[in-house]
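Participant: Next up is a structure, given as structure tokens.
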């Protein structure tokens, strides 16, 4: 320690260099080596599986509906679970990038990869894969438990492409909302601000836009949460939802609604990439 | 080799670095010396591509840092202590950085051992002392076994043993032919470590040369003279380059003339001398002389620039 150690053994000069695959590996290591990852993913997983089971139980216990149980009853537990579980992923996604700014880590990251934008893309891809896989597994496990205990009252027809799309769409929606939080985090570089913006847009804006004033009502279907969550429903559910809209308000199909959410993500992500590229770190 | 050409950085109204040009040569330790707020860190951040120059350019080994295929093996940098996620362990931090270049975990363990972090490598960085944070920063800089090292205040917060270790390390790395660029506001540390000095003050380069030369050039020795005829002696040694400060009891402090010149002048004017004492300059004195006009943040009254001999060690220590 007090004397200078022998120089590092010379490594073949060709092996050590930057590549996007290696940035992905680096971001993968970064993601799993802070405690917030395991915590937030566990909370999301437990909340999703537990809520799907509990709400299924509640639906069954509330007694028979007017008719035979339909997709509404089967899917409702998944939709509610997604609304609550997504908060854990929104927080985790924002922290994945704002944590680098608040601790100064970003300067180490950008020194290692001075072209900058690949760092953000690598992080984005790692989060996308992790979130989607975890969300898919959580919903699949929820569905399994639901069918194990309540298949008589809540028959989940996995042969129905509409039901499959809704379940797959639930994982897709949760992932995309979390990525929107990541993009806001990269743009504003402040944990609380990013989380507040996304949760505000998801939970508060829909209330505000219920004010019976025409321009607000016309914009309501384009709110990120309302537009994006259409992908968690069957076409029949989406169309039934249109009935509650005031006349003259746009009707978005499931994929159109999801495309609106993706458009928000693209805009914020591009703004974040521009800021990353242009400004001092 | 690091080359800066007309490098300028402005933050709004404030100019942090003002059109500086310099070259840092391989094979020796180049010290980057200046008071706080002089622009040292900003310059280093521009070298690493973290801050964009308002004007001018800077290259490392002939190319902008961001253009390298393998940045970490070209340049290793310690820019500030704890540019590290506080929730991650030291080893995982280094593993994540190494992974970007496909540097194996074996090298990670090597730099951990080199920097004396083995005992704390698995602990989260949030609990690190300033000294351990510095060691981790140096470990990150060494990770790619780089040809060029840029270290901003590397001995900050280190214990005496750590200071000695950094001093030996940078000298050794320079002796291997690497480029070593080291910033500090500690003049004594620079006198012991650096071969070459670039002195910066308020965003300007105010001296650039070998350490010995800078000391010699910037410390015009002060001579203390005692005589029963101070007025006559003052008239005899007076000149455009010479400043004379009369003191009590026939004592004069002469700045800008050597003891030989004063003795000869006294003899020619037939003035009796009771004392003739040269007060030799030091690097501290050189530094204070150079930067006296350039200090950004003063702690009290301005330093009298015409009379550096009145500087006491307590003033230097500020």
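Participant: Among residues belonging to the stretch B:46-58 that are touching a helix residue (DSSP H, G or I) at 6+ places or on another chain (Cβ under 8 Å) and at negative phi, point out the one that is farthest from the other protein chains (Cβ to nearest Cβ).
Facilitator: B:58
Participant: Do you know which residues across the stretch B:186-198 are more than 14 Å from chain A (Cβ to nearest Cβ) and at pLDDT 90 or above? So that I can check it myself, show each step before the final result.
Facilitator: Step one: of the stretch B:186-198, the residues more than 14 Å from chain A (Cβ to nearest Cβ) are B:186-192, B:194-198.
Hits for the stretch B:186-198 are B:194, B:195, B:196, B:197, B:198.
Participant: Same structure, new question: Looking at (1) in contact with a helix residue (DSSP H, G or I) (Cβ under 8 Å, 6 or more places away or on another chain); (2) assigned to a helix (DSSP H, G or I), which is the one condition that is false for residue B:257?
Facilitator: (2)
Participant: Separate question: Out of all the residues in the stretch B:61-68, is one or more more than 25 Å from residue B:177 (Cβ to Cβ) and surrounded by fewer than 16 Cβ atoms within 10 Å (Cβ to Cβ)?
Facilitator: No, that holds for no residue.
Participant: How many residues are facing chain B (nearest Cβ under 7 Å) and either in contact with a strand residue (DSSP E or B) (Cβ under 8 Å, 6 or more places away or on another chain) or under 18 Å from residue A:36 (Cα atoms) (or both) when one looks only at the stretch A:98-120?
Facilitator: Residues in the stretch A:98-120 being facing chain B (nearest Cβ under 7 Å) and either in contact with a strand residue (DSSP E or B) (Cβ under 8 Å, 6 or more places away or on another chain) or under 18 Å from residue A:36 (Cα atoms) (or both): 6 in total.
Participant: Take residue A:13 and tell me if it is in contact with a helix residue (DSSP H, G or I) (Cβ under 9 Å, 6 or more places away or on another chain), modelled with pLDDT under 90, within 29 Å of residue A:117 (Cα to Cα) and facing chain B (nearest Cβ under 8 Å). Break it down into steps so the answer makes sense when it comes.
Facilitator: Values: in contact with a helix residue (DSSP H, G or I) (Cβ under 9 Å, 6 or more places away or on another chain): yes; modelled with pLDDT under 90: yes; within 29 Å of residue A:117 (Cα to Cα): yes; facing chain B (nearest Cβ under 8 Å): yes.
It is true that residue A:13 is in contact with a helix residue (DSSP H, G or I) (Cβ under 9 Å, 6 or more places away or on another chain), modelled with pLDDT under 90, within 29 Å of residue A:117 (Cα to Cα) and facing chain B (nearest Cβ under 8 Å).
Participant: A further question on this structure: For the stretch B:63-88, give me each residue that is more than 7 Å from chain A (Cβ to nearest Cβ) and over 24 Å from the mean Cα position of the chain (by Cα).
Facilitator: Correct list: B:63, B:67, B:68.
Participant: Got a sec? Which helices (runs of 4 or more DSSP H) wholly within the stretch A:188-281 have at least 3 residues that are within 14 Å of chain B (Cβ to nearest Cβ) and modelled with pLDDT of 95 or more? It would help to see each step written out before you state the result.
Facilitator: Details: elements: A:191-199, A:205-208, A:214-219, A:224-228, A:235-243, A:254-278.
Here the list reads A:254-278.
Participant: Is there a residue in the stretch B:206-229 that is free of Cβ contacts under 8 Å to residues at least 12 places away in the same chain and in a strand (DSSP E or B)?
Facilitator: no
Participant: Out of the stretch B:122-169, which residues are on the phi > 0 side of the Ramachandran plot and either surrounded by 20 or more Cβ atoms within 10 Å (Cβ to Cβ) or outside the structural domain of residue B:102 (by TED's automatic domain parsing) (or both)?
Facilitator: Kept after step one, since they are on the phi > 0 side of the Ramachandran plot, are these residues of the stretch B:122-169: B:145, B:153, B:157.
Correct list: B:145, B:153.
Participant: May I pose another question? I'd like to know if the stretch A:36-48 contains one or more residues that are within 14 Å of chain B (Cβ to nearest Cβ), touching a residue at least 12 places away in the same chain (Cβ under 8 Å) and surrounded by 17 or more Cβ atoms within 10 Å (Cβ to Cβ).
Facilitator: The answer is yes; a qualifying residue exists.
Participant: Further, regarding this structure: Quickly run through the stretch B:7-18 and pick out the residues that are closer than 15 Å to residue B:208 by Cβ and surrounded by fewer than 18 Cβ atoms within 10 Å (Cβ to Cβ).
Facilitator: Matches in the stretch B:7-18: none.
Yes/no per residue for (1) touching a strand residue (DSSP E or B) at 6+ places or on another chain (Cβ under 7 Å); (2) within 12 Å of chain A (Cβ to nearest Cβ):
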{"position": "B:146", "(1), (2)": "yes, yes"}
{"position": "B:172", "(1), (2)": "no, yes"}
{"position": "B:179", "(1), (2)": "yes, no"}
{"position": "B:184", "(1), (2)": "yes, no"}
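Participant: Could you figure out which of (1) within 14 Å of chain A (Cβ to nearest Cβ); (2) in a loop (DSSP other than H, G, I, E, B); (3) over 30 Å from residue A:21 (Cβ atoms) isn't true of residue B:16?
Facilitator: Status for residue B:16: all satisfied but (2).
Participant: Out of (1) modelled with pLDDT of 95 or more; (2) over 13 Å from the mean Cα position of the chain (by Cα), the odd one out for residue A:145 is which?
Facilitator: So residue A:145 meets the others, but not (1).
Residues checked against (1) modelled with pLDDT of 95 or more; (2) within 29 Å of residue B:187 (Cβ to Cβ):
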position	(1), (2)
B:43	yes, yes
B:56	yes, yes
B:60	yes, yes
B:83	no, yes
B:127	no, no
B:149	yes, yes
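Participant: Go through the stretch B:228-262 and give me each residue that's under 13 Å from residue B:272 (Cα atoms) and touching a strand residue (DSSP E or B) at 6+ places or on another chain (Cβ under 7 Å).
Facilitator: Just the residues of the stretch B:228-262 that are under 13 Å from residue B:272 (Cα atoms), to begin with: B:228-234, B:236, B:250-251, B:262.
Result: B:230, B:233, B:234, B:250, B:251, B:262.
The values are calculated or read from the model by the stated rules, or taken from the named source; none is laboratory data. Since this is a predicted model, take the numbers as computed values, not measurements. Every residue, glycine as well, gets a Cβ built from its backbone with ideal geometry; the counts of neighbours run over all protein chains shown.
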